Ligand SMILES: Nc1ncnc2c1ncn2[C@@H]1O[C@H](COP(=O)(O)OP(=O)(O)O)[C@@H](O)[C@H]1O
Ligand SMILES: [Mg+2]
């Protein structure tokens, strides 16, 4: 599903963010990507969604070689990969439901389809009672669930979650992880970027550990080691 | 096709939201567009009016060749025939001394002093003349040169400089006004470009979160850049409508003055603009939209990669 071959990323010749990384994530896996701050985790996410250019090596997403992806193809890549971030990235002047609908609108989906899909994904994340509220009227966990709902509107095969619990307390964090597991159980490949030791250790799933831009360990049932 | 219309409808909706959200910036953009379009239209009006003015002056112009009172009739007729054969001459009319006097009397019938003065003279003070109508007023200068070359003892005076002066004066004024208008229009156009560019830049800045999210969820470029292009058309349309309204109001105020100036001539500035409505205003709208869209496109391409 996701395959990296000797991938490197230099922001400039002196800043090596990713240093010769190779790994393969199979369809339906739930993988945690861990490592200290500044070791290149977010950079890796950006390479996967085509936001940064790959300096060296090759990346395949669902069999598609995105190494030299063109600007006009990026929208299609983005619709196949759902992404969520620590800071939710919701529009404050839209309700939770409208935030989800927005993702469909700006890709030119017909109204009838939008009205059908948006409430469905809202329901998957368990926000059907709060979908008419604005982001500032709900908790951090609910904002993140809205972001997850939005990332699901195109039924992506991959969900990338870059520190999704970074702004949440442990109860909300657990709910988000449970939701990611639920989405994974439907068959979506999930990559969870985190540096939360407890979460990683309780998950008992595959763990990739990055250190200073290098892949230093890849364990099938991993522990947080750094 | 249905998909395209759906997208277009949504893009138009987004761009109206943009226009309203940055309402002050939109108003400034529209103001500067109005100034630009007005200056272009004023330039057109000046050209139309001066064109008509030159036409009427040329129409009015007859060239008078004054002859000696002693000139014999057959020599005058010979000269008349010679001038008639010139290629630029449409018609030559002989005005005898008596005829000139009666025309003069007619013209000054309300001026008793002059009539009195005429009576005191025992001789007809006027000279006979040949009144020459040029065939084509554009070749006026050629004709004058030819007439100046004529050698005949019966010619008393030829003074054509008045006509020449008047025409060149009108031409000079027209040229100066047109040139100024052109420069002013150009200046306004450049300001428009800068203002539009800046409006789009600020628009992108205020929408940077939205644009970032759009990119993130895989919005196609037409949804990201499209609204800015459509805003350009909206600005042009609003400004054009305001300008058309204001300009015809102005023309209505202007027309009475022109009527006194062009008495006897069929010149109406309002109908000039109504008969040429689409070539003038349609083209201006098109040009303004294209300029707006280009400026928007450049700004959007430069700043929308967030
Ligand atoms: N846009 C950028 N330009 C230059 N350097 C960057 C940029 N983004 C990240 N970096 C550098 O790349 C390294 C990895 O950053 P990042 O991928 O954000 O790490 P992480 O997400 O693991 O904290 C850091 O040293 C960071 O300073
Ligand atoms: Mg990071």
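FYI, it's all coordinate maths here, none of it is from the lab. This is a predicted model, so every value here is computed, not measured. Reconstructed Cβ throughout: ideal geometry from the backbone, glycine too, with neighbour counts over all protein chains shown.
Taking each residue in A:98-107, count the Cβ atoms of any other chain within 10 Å of its Cβ, then average. What number comes out?
That average works out to 5.
Quick one: helix B:283-303 against the long Cα principal axis of chain B, what's the angle to the nearest 10°, folded into 0 to 90?
Value to nearest ten degrees: 30.
Separation between the residue B:157 and residue A:186 pseudo-spin-labels, each 7 Å from Cα along Cα→Cβ, expressed in nm?
10.4 nm
Taking the Cβ-Cβ separation of residue B:221 and residue A:6 as r and a Förster radius of 41 Å, what is the calculated FRET efficiency to the nearest 0.05?
For residue B:221 and residue A:6, the calculated efficiency is 0.80.
Can you tell me how much longer the chain between residue B:123 and residue B:277 gets when fully stretched, taken as 0.36 nm per residue apart minus their C-alpha distance, in nm with one decimal?
Stretched fully, the residue B:123-residue B:277 segment lengthens by 49.5 nm.
Quantify how much of the Cα-Cα distance distribution of region B:216-306 extends past 16 Å, in percent.
Result for the distance tail: 65 percent.
How much length is gained on full extension from residue A:58 to residue A:14, taking 0.36 nm per residue of separation minus their Cα-Cα distance?
13.7 nm
Only bridges with both residues in the protein assembly as shown count here: give the DSSP antiparallel percent, nearest 5.
Within the protein assembly as shown, antiparallel bridges account for around 65 percent of the total.
7 Å from Cα along Cα→Cβ at both residue B:164 and residue B:253: what's the point-to-point distance in nm?
Calculated label separation equals 4.1 nm.
Pop the C-beta distance of residue B:48 and residue B:146 into the FRET formula with R0 = 22 Å and round what comes out to the nearest 0.05.
0.10
Roughly what would the spin-label model give for residue A:167 and residue B:286, points 7 Å off Cα along C-beta, in nm?
Taking the simple label geometry, residue A:167 and residue B:286 are separated by 5.0 nm.
Consider all pairwise Cα distances in chain A and report the whole-number % of them above 30 Å.
23 percent
Would chain B count as rounded, prolate or oblate if I go by the C-alpha gyration tensor, calling it rounded below 1.5 in a/c and otherwise prolate when a/b exceeds b/c, oblate otherwise?
Prolate, because a/c is 1.5 or more and a/b exceeds b/c.
Label the protein assembly as shown by shape, choosing from rounded, prolate and oblate, from the square roots a ≥ b ≥ c of the eigenvalues of the Cα gyration tensor; if a/c is under 1.5 it is rounded, and otherwise prolate applies when a/b is larger than b/c, oblate when it is not.
prolate
Using the count of nearby Cβ atoms within 10 Å as a rough guide to exposure, how do B:166, B:214, A:131 rank from fewest to most?
Ordered from fewest to most neighbouring Cβ atoms within 10 Å, B:166, B:214, A:131 come out as B:166, A:131, B:214.
How far is the Cα center of region B:235-306 from the Cα center of region B:79-135, in Å?
48 Å
What is region B:69-153 by shape, rounded, prolate or oblate, if you read a ≥ b ≥ c off the alpha carbon gyration tensor as root eigenvalues and call it rounded for a/c under 1.5, prolate for a/b larger than b/c, and oblate otherwise?
Taking the square roots of the gyration eigenvalues as a ≥ b ≥ c, region B:69-153 is prolate.
Measure nothing fancy, just the Cα-based angle from helix B:73-84's long axis to the longest principal axis of chain B, in degrees from 0 to 90, nearest 10.
Long axis of B:73-84 versus the principal axis of chain B: about 20 degrees.
Between residue B:184 and residue B:106, take the C-beta separation as r, use R0 = 56 Å, and let me know the FRET efficiency to the nearest 0.05.
The pair residue B:184/residue B:106 has a calculated efficiency of 0.75.
Tell me the angle of helix B:2-21 to the major Cα principal axis of chain B, expressed in degrees between 0 and 90 and rounded to the nearest ten.
80 degrees
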